[in-house]
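Reading through the structure tokens given below for one structure.
Any read-out appearing in this document is the output of simple, stated calculations on the displayed coordinates, not a laboratory observation. What you see is a predicted model; the values in this text were computed from it and never measured. So basically every Cβ, Gly included, is an ideal-geometry build from the backbone, and we count neighbours across all protein chains shown.
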Amino acid sequence: MTRKLTMDRTLVLIGLMGVGKTTVGRRLARALGLDFRDADEEVERAAGRSVSEIFDDFGEAAFREGERKVIARLLDQPPMVLALGGGAFIDPETRAEVKARATSIWLQADIDTLVNRVSRRDTRPLLRGNDPRGVLERLLETRTPAYAEADIHVDASAGSHQATLDAILRALAAREAEV
Ligand code: S3P
């Protein structure tokens, strides 16, 4: 099934922090024989600083501006799998670009799953306070309308990353069959 899929557009993974965009994205790229890029890593490379340092030194608005530029540049490149930082698709300009030029895939998960997964790393500036669950709940509520504009919605909650990957591949095959 995998080999038959013809990817003429970049596949963009969106969703909240901790949902597994990078891990699943790497696997998806491998399955499809595409390059993988992570927008946060590209912003870090361009700035020569970590995401946390960019927030600390220049503020969130500067991070968002860098993120927007980096994503626009990546969308100019040949088809790839691209994982976005959790807030990128909320930016109207980035969302419009992604919708016009890529296939977007929203990875969804329940709050317990997200809280559990983000607790493994403390590199996310928005979660540095003492209530990551509260922050994630608020972001889920405010961001859901934008995330819901994605072309494909996949449940990434309970199962393994492999199960999420399989669900994405099934959804892509179903879309291709429709065309
Ligand atoms: C953010 C998510 C992070 C990173 C930054 C802001 C957000 O990416 O871009 O810390 O606004 O949700 P991940 O979703 O890859 O953790």
Margin query: Please compute the alpha carbon radius of gyration of the chain, then divide it by the globular-protein estimate 2.2 N^0.38 Å. Two decimals is fine.
Written below: 0.99
Notebook entry, point to check: Between Arg73, Arg26, Arg121, which gets the highest mean-square fluctuation from a Gaussian network model of the chain, Cα cutoff 10 Å?
Noted result: Arg121
Next item on the list: Could you work out which residue, out of Gly15, Gly85, Gly33, moves most in a Gaussian network model of the chain, that is, has the largest mean-square fluctuation with Cα springs under 10 Å?
Entry: Gly33
Notebook entry, point to check: Calculated FRET efficiency, Val179 and Glu41, Cβ-Cβ r, R0 35 Å, to nearest 0.05?
Noted result: 0.65
Next item on the list: Rounded to the nearest Å, what's the spacing between the alpha carbon centres of the range 112-179 and the range 43-69? Just the number, please.
Entry: 22 Å
Check: Hey, with R₀ at 30 Å, roughly what FRET efficiency would Arg101 and Gln162 work out to, going by the Cβ-Cβ distance, to 0.05?
Finding: 0.60
Notebook entry, point to check: For the chain, what is the charge dipole size about the Cα centre, in debye to the nearest 20, if Lys and Arg each add +1 at the Cβ and Asp and Glu each add -1 at the Cβ?
Noted result: 520 debye
Next item on the list: Work out the charge dipole of the chain with +1 on the Cβ of Lys and Arg and -1 on the Cβ of Asp and Glu about the Cα centre, then indicate which of Thr144, Ser157, Gly59 is farthest towards its positive end.
Entry: Ser157
Notebook entry, point to check: Calculated from DSSP H runs of 4 or more alone, at -39500 (n - 2.57) each and per residue, what is the 222 nm mean residue ellipticity of the chain, nearest 500?
Noted result: -17000 deg cm²/dmol
Margin query: What's the ranking of 98-107, 147-156, 55-64, 170-179 by average number of surrounding C-beta atoms within 10 Å, highest first?
Written below: 98-107, 147-156, 55-64, 170-179
